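See structure below.
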Amino acid sequence: MVKNETGQIAIKHRRQTPKRVEVGKTVYIFTPKFNVSLAWINPEHVDQVLRIKRDCCGNGSRPIFTYAHQGDVNRWTTGVRG
């Protein structure tokens, strides 16, 4: 689990399209950069985001969000994997 300086957790969207997610009154935008679609999520919202399932193509049981690893975060922030 990768955290930023404010304690938010990096969560990755499995698709390379922008995605808007609302948890309560908080809006998160998953932004694709360098082949990684990522958003920084408040810790109290992580479980709710990870429970969201795919909502198209007749396959509603597949999770579409996962924890980002350090390589994902590095690539998303700098364009360099590692």
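Some points to look at:
- When residues in the range 1-19 are screened for being of a type outside the set (A, V, I, L, M), modelled with pLDDT of 95 or more and assigned to a strand (DSSP E or B), 3 of them pass.
- The single residue among T6, T26, T77 that is at negative phi, of a type outside the set (D, E) and touching a His at 6+ places or on another chain (Cβ under 8 Å) turns out to be T26.
- Selection over the range 20-60 of residues that are within 17 Å of T78 (Cα to Cα) and part of a strand (DSSP E or B) gives a count of 9.
The values are calculated or read from the model by the stated rules, or taken from the named source; none is laboratory data. Quick caveat, the model's predicted, so the values are computed rather than measured. Every residue, glycine among them, receives a Cβ derived from its backbone with ideal geometry; neighbour counts consider all protein chains shown.
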